[in-house]
Amino acid sequence: MNDTKLKLTDRDLEILRLLGQGCTSAEIAERLSLSSETIKWYRKRLLTKLDADNTAEMMRIVSEKNLI
């Protein structure tokens, strides 16, 4: 199994799926009944976990590694 995938939680994957669908942080927060600040925290953490500089690069990595 991909070792990057092992680092990702179910919530991480859920947020990545929603980002992949084009949802904004505010939309994700509303769907998951979380605050926008919490989603921003998740996004920053995902950037670090996936060693990406921005959301576009993060989603490219997610796509290349078939994480979602």
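Can you list the helices (runs of 4 or more DSSP H) found entirely within segment 1-61 that contain at least 2 residues being touching an Asp or Glu at 6+ places or on another chain (Cβ under 8 Å) and modelled with pLDDT under 95?
Once the helices (runs of 4 or more DSSP H) in segment 1-61 are filtered for at least 2 residues that are touching an Asp or Glu at 6+ places or on another chain (Cβ under 8 Å) and modelled with pLDDT under 95, nothing remains.
Can you run down the residue pairs with Cβ atoms below 9 Å, 6 or more apart or on separate chains, where the first is in segment 41-56 and under 14 Å from ARG11 (Cα atoms) and the partner is part of a loop (DSSP other than H, G, I, E, B)?
Going by the 9 Å Cβ cut-off, the qualifying pairs are TYR42/LEU34; LEU46/LEU8; LEU46/ALA52; LYS49/LEU8.
What's the number of the condition VAL62 fails, among (1) in contact with a Gly (Cβ under 9 Å, 6 or more places away or on another chain); (2) loosely packed, with under 12 Cβ neighbours inside 10 Å?
(2)
If I ask for residues that are surrounded by 14 or more Cβ atoms within 10 Å (Cβ to Cβ) and of a type outside the set (Lys, Arg), which ones from segment 39-54 would you list?
Scanning segment 39-54 gives ILE39, TYR42, LEU46, LEU47, LEU50, ALA52.
The values are calculated or read from the model by the stated rules, or taken from the named source; none is laboratory data. Quick caveat: nothing in here was measured; it's all calculated off a predicted structure. Positions of Cβ are generated from backbone atoms using ideal geometry, with glycine treated the same way; all protein chains shown enter the neighbour counts.
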